[in-house]
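Accompanying notes for the structure given below.
The values are calculated or read from the model by the stated rules, or taken from the named source; none is laboratory data. This one's a predicted model, so the numbers in the text were calculated from it and none came from an experiment. Here the Cβ positions follow ideal geometry from the backbone for every residue, glycine too, while neighbour counts run over all protein chains shown.
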């Protein structure tokens, strides 16, 4: 596998040119990476109109994933916006049936594109940011709704994986597209039994390469199935509509170099998975309750062990173990083959040092659907005011109102909040909300 972007930049830097172009650092090593940080000079190609080294590198990535693959230097957030724009262009529709546990990037895209979103809500036992949507749920929803597309998050933030293949069959039967936010699952294509959405029948999906592959933060893919007849120029225009005209060549080099890594990744992943399973089994034996089916994610129900997720994360931090996410109920660990056996051993020892306590009561307010008073776009662009959360009963949410991670809105834009919704926001530490001025 060649690396055309990396090769060009390496040769350019080695030539010690006089840099009379952007960026302003001129290759001066303030951080150490500046010599390889360039812009769209002659020969460097253009991410939004590639015909040279970037086009060749994207073709290499597509060969690895078995579909048409395009780079994003602004994460899956940019890919989601482009994907939804392409869906609108192909179908002429703007109604999307979306799983409730969407990343807030979807809401921003819905506002910008004026999508009509119909929600697939989690079952009562699930949390607001997790909950598997079944093929039966989609089938039932499609009996009354006629969307242009169904939109899933897989894996969700707690590591749950819906049956994408079964949902894809339902979508095909009803003639609607299946789009997947696979930000946390780029590696799924390389499992012994692939679980990547594109292997399971999705029409389009986004991967955040940087989340589970050895790629710099911001590196991501948009995948299109072979059956979609979009010209490359149309795909790139969808990216350009929302993306910066100055994409990072450091990120592009990282995506380029990852293609070489992926040539032998199946073997690395297959050797690593038993180590993760051994850690998972050790935690279960210690008494921790785990959930989720993502092979590289360990989600711990901390309260069952006598801790909040926040308190458990603090205890682990004292041993030098830094988790992906923690909240009052859960703690999430993300692992990859770049974690060494020593990393896993240290993690095991840190958990072994945690003293079990009496289980804490489940205090999280139960999830329930709220009335949609406004569409996402109308609420997000309406005049707003910031109120203390406890003063928001009866008001319409105007923002995403959640940090990243997990970046899944606790209350959706346009929903009118009741006392239980306000209690849920307070439980997760949201102290102020932007609400629509009425």
Some residue of the stretch 242-252 being more than 24 Å from residue 205 (Cα to Cα), assigned to a helix (DSSP H, G or I) and out of contact with any strand residue (DSSP E or B) (no Cβ under 6 Å at 6 or more places or on another chain)
no
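Just one of 191, 158 is under 14 Å from the mean Cα position of the chain (by Cα) and over 21 Å from residue 81 (Cα atoms); which is it?
158 is the lone residue from the list that is under 14 Å from the mean Cα position of the chain (by Cα) and over 21 Å from residue 81 (Cα atoms).
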Residue check for residue 378: out of contact with any strand residue (DSSP E or B) (no Cβ under 7 Å at 6 or more places or on another chain) and outside any loop (DSSP other than H, G, I, E, B):
yes
Does residue 295 satisfy the criteria of being within 26 Å of the chain's Cα centre (by Cα), within 30 Å of residue 398 (Cβ to Cβ), outside the structural domain of residue 111 (by TED's automatic domain parsing) and not in a helix (DSSP H, G or I)?
no
Is it the case, given these coordinates, that residue 345 is without any contact (Cβ under 8 Å) to a residue 24 or more places away in the chain and surrounded by fewer than 19 Cβ atoms within 10 Å (Cβ to Cβ)?
yes
Checking 438, 363, 358 in turn, the sole residue that is touching a strand residue (DSSP E or B) at 6+ places or on another chain (Cβ under 8 Å), in a loop (DSSP other than H, G, I, E, B) and farther than 27 Å from residue 77 by Cα turns out to be 438
Which listed residue is modelled with pLDDT under 95 and either surrounded by 23 or more Cβ atoms within 10 Å (Cβ to Cβ) or assigned by TED's automatic domain parsing to the domain that holds residue 118 (or both), from 77, 101
101
Taking interchain pairs and intrachain pairs at least six residues apart, which have beta carbon atoms under 7 angstrom, with the first residue in the stretch 109-133 and outside the structural domain of residue 330 (by TED's automatic domain parsing) and modelled with pLDDT of 80 or more and the second part of a helix (DSSP H, G or I) and surrounded by fewer than 17 Cβ atoms within 10 Å (Cβ to Cβ)?
111/381
Give the stretch 309-327 a look and list any residue that's within 20 Å of residue 426 (Cβ to Cβ) and touching a helix residue (DSSP H, G or I) at 6+ places or on another chain (Cβ under 6 Å), or say none.
309, 326, 327
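So is residue 306 surrounded by 14 or more Cβ atoms within 10 Å (Cβ to Cβ) and free of Cβ contacts under 8 Å to residues at least 60 places away in the same chain or not?
Working: surrounded by 14 or more Cβ atoms within 10 Å (Cβ to Cβ): yes; free of Cβ contacts under 8 Å to residues at least 60 places away in the same chain: yes.
So residue 306 fits the description; yes.
Quick one: which of 32, 51 is exposed (fewer than 14 other Cβ atoms within 10 Å of the Cβ) and closer than 28 Å to residue 264 by Cβ?
Numbers: 51 fails: closer than 28 Å to residue 264 by Cβ.
On inspection, the qualifying residue turns out to be 32.
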Examine the stretch 11-31 for a residue that is assigned by TED's automatic domain parsing to the domain that holds residue 197, closer than 15 Å to residue 247 by Cβ and assigned to a helix (DSSP H, G or I), and state whether such a residue exists.
no
I'd like to check which strands (runs of 3 or more DSSP E) are fully inside the stretch 64-140 and have at least 2 residues that are out of contact with any helix residue (DSSP H, G or I) (no Cβ under 8 Å at 6 or more places or on another chain).
95-99, 116-120
Qualifying residue in the stretch 423-430 (condition: more than 27 Å from the chain's Cα centre (by Cα) and on the phi < 0 side of the Ramachandran plot)
no
